[in-house]
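First comes the structure, then the notes that go with it.
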Amino acid sequence: AQSVTQLGSHVSVSEGALVLLRCNYSSSVPPYLFWYVQYPNQGLQLLLKYTSAATLVKGINGFEAEFKKSETSFHLTKPSAHMSDAAEYFCAVTEGSSYKLIFGSGTRLLVRP
Amino acid sequence: DAMVIQNPRYQVTQFGKPVTLSCSQTLNHNVMYWYQQKSSQAPKLLFHYYDKDFNNEADTPDNFQSRRPNTSFCFLDIRSPGLGDAAMYLCATSREIQGGQETQYFGPGTRLLVL
């Protein structure tokens, strides 16, 4: 069965520092992978998605993620954190024609001034 | 802009009093989903519509029902809300593409409070 693991329920960085949010997946077939961001009392907004076209995926707000099949990882990075990046981030996977998104447990990003 | 709209954003109901949450979309997507998200948790899929075909998740309580009268609208009915049903309810849509589903797009959510 598919699963998604997000290491670290909370990550704290200083403003201007590198952001690294970790996501590992298990999938028996090539997956589609997503990162969503959720601000307080808001819905989920798509940051980026991987659909096998390119292993390095660039998203909105300066975020990017790299698909590493050998490590079954899809970590999210941003070179320089901004205060407005403070939010909950969810990694999710779906396989092939499946409609179902499997979410990780989420990582709350805190940005210190 | 094309979008997913949920009304109301906040809903207060009484224990046991039926409540309906609504979702509409201007994306013309054929698949619509309802998720329940409790505090500090990931969204949990309740059910989805593939066109008019209703698909219930195995662990969704009978207390939760849904209607999709047309492509644009989908409703979530909670027949007898309990305190444990207080949560954020998220609607999402996607479009079927060859070989799979396209990205799911989420609405802003409705936060339900049960008194």
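Quick note: the coordinates plus some simple rules give every number you see, no bench work behind them. Keep in mind it's a predicted model, so treat the numbers as computed, not measured. No Cβ is skipped: glycine too gets one built from the backbone with ideal geometry, and neighbour counts run over all protein chains shown.
Could you pull out the GluC sites (Glu not before Pro) across the range A:1-75 that fall in loop regions by DSSP (anything but H, G, I, E, B) with no more than 14 other Cβ atoms inside 10 Å?
Here the sparse-neighbourhood loop sites are A:E15.
Work out the P(r) tail for the protein assembly as shown: percent of alpha carbon pairs separated by more than 33 Å, whole number.
Roughly 17 percent, rounded to a whole number.
Return the long-range amide H neighbours of A:A17 (sequence gap of 5 or more, or a different chain), with a cut-off of under 5 Å between placed amide H atoms.
Correct list: A:A81.
Note down, for chain A, the three equivalent ellipsoid semi-axes (square root of 5 times each alpha carbon gyration tensor eigenvalue), biggest first, whole angstrom.
Each semi-axis is √(5λ); the values are 23, 14, 12 Å.
Determine the equivalent ellipsoid of the range B:48-102 by diagonalising the alpha-carbon gyration tensor, then write out the semi-axes as square roots of 5 times the eigenvalues, largest first, rounded to whole Å.
Its equivalent ellipsoid spans semi-axes of 24, 12, 11 Å.
May I ask for the net charge around A:N61, where only other residues with Cβ less than 14 Å from the Cβ of A:N61 are counted and Lys, Arg are +1 while Asp, Glu are -1?
Around A:N61, the surrounding residues sum to 0.
Sorting check: for B:49-55, A:75-81, which peptide has the highest mean count of neighbouring beta carbons within 10 Å, and how do the rest follow?
Result, highest mean Cβ count within 10 Å first: A:75-81, B:49-55.
Using a 10 Å cut-off around each Cβ, can you sort B:M32, B:M3, B:M88 from fewest to most neighbouring Cβ atoms?
B:M3, B:M88, B:M32
Using 7 Å Cα-to-Cβ label points, what is the B:T26/B:S80 separation (nm, one decimal)?
4.0
Given a Förster distance of 35 Å, report the FRET efficiency between B:F15 and A:L18 from their Cβ-Cβ distance, rounded to the nearest 0.05.
For B:F15 and A:L18, the calculated efficiency is 0.15.
Where the Cα atoms of chain B are projected onto their three principal axes, how long is each span, largest first, in whole Å?
Each principal axis gives a Cα extent; for chain B these are 44, 32, 30 Å.
Scan around A:L48 for amide H atoms under 5 Å from its own, H built in the peptide plane at 1.01 Å from N, and keep only partners 5 or more places away or cross-chain.
Here the answer is A:W35, since their amide H atoms fall under 5 Å of that of A:L48.
Could you go through the range B:3-18 in sequence order and give the Karplus-derived ³J(HN,Hα) for each residue, using 6.51 cos²θ - 1.76 cosθ + 1.60 with θ = phi - 60°, rounded to whole Hz, and x for Gly and Pro?
Each residue of the range B:3-18 in turn: 6, 10, 10, 10, 9, x, 6, 10, 9, 10, 9, 9, 3, x, 8, x Hz.
Taking every pair of alpha-carbon atoms in the range A:44-91, what share in percent sits in each 10 Å bin, from 0 to the bin with the longest distance?
24, 55, 19, 1
At 7 Å along Cα-to-Cβ for each site, give me the label-to-label distance between B:N56 and A:S105 in nm.
About 3.0 nm, to one decimal.
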